[in-house]
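The values are calculated or read from the model by the stated rules, or taken from the named source; none is laboratory data. Quick caveat: nothing in here was measured; it's all calculated off a predicted structure. When we count neighbours, we look across all protein chains shown, and the Cβ atoms used for this are built from the backbone with ideal geometry, even at glycine.
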Amino acid sequence: MINHPASIFKIYPIPAFRDNYIWAIVNINTHYTTIIDPGEAQPVMDFIEKHKLALEAILVTHHHPDHIGGINALVKKYHPKVFAPISNYIPHADYRLTNDDTITLNNTECHFQIMSIPGHTLDHIAYYSKPWLFCGDTLFSAGCGRIFEGTPEQMYSSLQKIAALPPETQIFCAHEYTLANLKFAQIIESNNIELNNYRKNVKMLSKNKQTTLPSTLALEKKINPFLRVDQPTVKLSAEQYCKQVLHNETEVFATIREWKNKF
């Protein structure tokens, strides 16, 4: 559970499948909640009943089944509004969103700006409400999503768009991949002190079965190789891996993303 600085909000991770997080924003005054990326319905239903909440809205970042699988059952039971990207793969949505759209949730009392961040999928969007960023499978702690539909250029551009947000931005991604991502990140930058210290903390959290999220953008810029492709250490590791000179940051990014796919 994360307390928002405004104090009327609490944000909960609802575990789903093997390593997914369905995020729940709860307004403790109104007892309304908004759910992000419900791949499964039952864990959300259990959460709502336990906390005696009303479900105002569902926010969807992209069309993969582990992010949308619970929508129909939740809509049937609670009748929330569904916000989703423009996509033929998400059949039920009350509102279709694209870059720079804004939405206001009156009962949860949240206001979001929409960011288009293609790469993992072409329809991928993020929901930003300072200081929160719900970014689905685009940016993970110490990692980033696989490129299934977009190009490396698109994915890198999307990550740069996220990197331009304020450093205090809290990164609410949709998977508990942090420890595995850190193992790869240490191959890229073995002498990164911030990275090595963070891995120790994450190992302790994981040992105690605690979530490692949300991260912060400030931290990710210090430890995440996919946000550090401008650093000589990352470029050198990428060039040693592919055995050729890389001429720009996009090439460095594409190389380490391919490397991570095989890691």
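Within the stretch 199-226, the set of residues being within 16 Å of the chain's Cα centre (by Cα) and in a loop (DSSP other than H, G, I, E, B) comprises THR211, THR212, LEU213, PRO214, ASN224.
Among the listed residues LYS161, LYS130, identify the single one that is of a type outside the set (Gly, Ala, Ser) and within 14 Å of the chain's Cα centre (by Cα). Only one candidate passes the filter, namely LYS161. Of the residues in the stretch 227-234, at least one is in a helix (DSSP H, G or I), under 19 Å from the mean Cα position of the chain (by Cα) and crowded, with 17+ Cβ neighbours inside 10 Å.
It is to be established whether one or more residues within the stretch 182-193 are hydrophobic (A, V, I, L, M, F, W, C), surrounded by 13 or more Cβ atoms within 10 Å (Cβ to Cβ), touching a strand residue (DSSP E or B) at 6+ places or on another chain (Cβ under 9 Å) and part of a loop (DSSP other than H, G, I, E, B). No.
Restricting attention to the stretch 25-39, the residues that are surrounded by fewer than 24 Cβ atoms within 10 Å (Cβ to Cβ) and not in a loop (DSSP other than H, G, I, E, B) add up to 3.
Strands (runs of 3 or more DSSP E) fully within the stretch 55-157 that include at least 3 residues being closer than 30 Å to LEU195 by Cβ and either touching a helix residue (DSSP H, G or I) at 6+ places or on another chain (Cβ under 6 Å) or modelled with pLDDT of 95 or more (or both): 125-129, 132-136.
Looking only at residues of the stretch 214-224 that are within 14 Å of CYS144 (Cα to Cα) and touching a Cys at 6+ places or on another chain (Cβ under 9 Å), we find that the one that is surrounded by the fewest Cβ atoms within 10 Å (Cβ to Cβ) is SER215.
Mind checking whether some residue in the stretch 1-10 is within 17 Å of the chain's Cα centre (by Cα), surrounded by fewer than 23 Cβ atoms within 10 Å (Cβ to Cβ) and within 23 Å of THR169 (Cβ to Cβ)? Within the stretch 1-10 (the criterion being within 17 Å of the chain's Cα centre (by Cα), surrounded by fewer than 23 Cβ atoms within 10 Å (Cβ to Cβ) and within 23 Å of THR169 (Cβ to Cβ)), the answer is yes, since at least one residue qualifies. Among the residues of the stretch 40-54, those identified as of a type in the set (A, V, I, L, M) and assigned to a helix (DSSP H, G or I) are VAL44, MET45, ILE48.
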